[in-house]
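Please read the structure below before turning to the comments.
The values are calculated or read from the model by the stated rules, or taken from the named source; none is laboratory data. In this text, all values refer to a predicted model and were calculated from it rather than measured experimentally. We place every Cβ from the backbone using ideal geometry, glycine too, and count neighbours over all the protein chains shown. Accessible surface areas use protein heavy atoms only, side chains included; no ligands, DNA or RNA. Shrake-Rupley method; radii C 1.70, N 1.55, O 1.52, S 1.80 Å.
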Amino acid sequence: MKERFPSLIALFLLLVLVTGSWWAADYAQRAIQTDPPRRITHEMDAWSRDFVMLRTDPNGRPINRLEGVYAEHFPDDDSYHVTTPRAVGQHENNPITVAVSKTAVMEQGGKRIIMNGDAHVRRQPDANNDLLDVRSQQLIILPDDDVVYTDLPAEVIKGRSRMNGTGMHYNNKTRQLQVSASTDVEIAGSEGKQQRRTEIPANNTDQKKP
């Protein structure tokens, strides 16, 4: 029994040490306040005035430019809200397009720009294409695809021809213009002397290649 007594004391001390350590760890966890998970809200974290943003291709050549009088950044969706924006697309081998509006929202790291309020897109003419002018209360630009579209009423002017319709999609790479539910169409003749007006049913879709 005397031989076992030191072992029993050592075991007892070990149990006391383990119990004390567990109690101390539990007390520390309960005593230290942890921050609750951050609530994600749509709140501005940065702003800028008279700014210019550039996007380049893999060779470092500018392909898109966005400038404005004032911009706010919202981290929850990584969007920029821009006042008096001006967006310029200058892809190689494609005519330059310039878009303006009252306000804009840039999303998805610049892959989508929503132009709101008196939105206006103008594609410059070149040797093979007439001037293209599009107006609507909202125009959505996909800079990487060189595409602009809207689901709202829009007025499209190409050269001396004009078309009003609800829903428009224009691809600057292929020069394909699609207008849905088009009405009040004025198409200039080949010599620019004759115009005709047609009424097109709302369920029809027109495709026109500028």
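Data table
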| quantity | calculated |
| --- | --- |
| Filter result for Asp118 (in a strand (DSSP E or B), acidic (Asp, Glu) and open to solvent by 70 Å² or more (accessible area, probe 1.4 Å)) | yes |
| Residue tally, condition within 18 Å of Ile141 (Cα to Cα), open to solvent by 40 Å² or more (accessible area, probe 1.4 Å) and in a loop (DSSP other than H, G, I, E, B), over region 41-76 | 0 |
| Verdict on Ile140 being over 30 Å from Met44 (Cα atoms), hydrophobic (A, V, I, L, M, F, W, C) and part of a strand (DSSP E or B) | no |
| Checklist (1) open to solvent by 30 Å² or more (accessible area, probe 1.4 Å); (2) outside any loop (DSSP other than H, G, I, E, B) applied to Asp130, failing item | (2) |
| Residue satisfying condition, being touching a Leu at 6+ places or on another chain (Cβ under 6 Å) and either of a type outside the set (Lys, Arg) or within 12 Å of Asn64 (Cβ to Cβ) (or both), within set Ala99, Ala119 | Ala119 |
| Residue that is farthest from Met44 (Cα to Cα) [pool: residues in region 89-110 that are part of a loop (DSSP other than H, G, I, E, B) and modelled with pLDDT of 95 or more] | Ser101 |
| Criterion violated by Gly110 - all others in (1) among the small types (Gly, Ala, Ser); (2) in contact with a strand residue (DSSP E or B) (Cβ under 6 Å, 6 or more places away or on another chain); (3) farther than 16 Å from Val147 by Cβ satisfied | (3) |
| Which listed residue, of Ile157, Ile113, Ile141, is open to solvent by 40 Å² or more (accessible area, probe 1.4 Å), hydrophobic (A, V, I, L, M, F, W, C) and at pLDDT 85 or above | Ile157 |
| Near pairs, Cβ below 8 angstrom, 6+ apart or cross-chain, from region 73-88 (under 11 Å from Glu43 (Cβ atoms)) to any residue that is buried (at least 17 other Cβ atoms within 10 Å of the Cβ) and polar (S, T, N, Q) | His73/Ser79 |
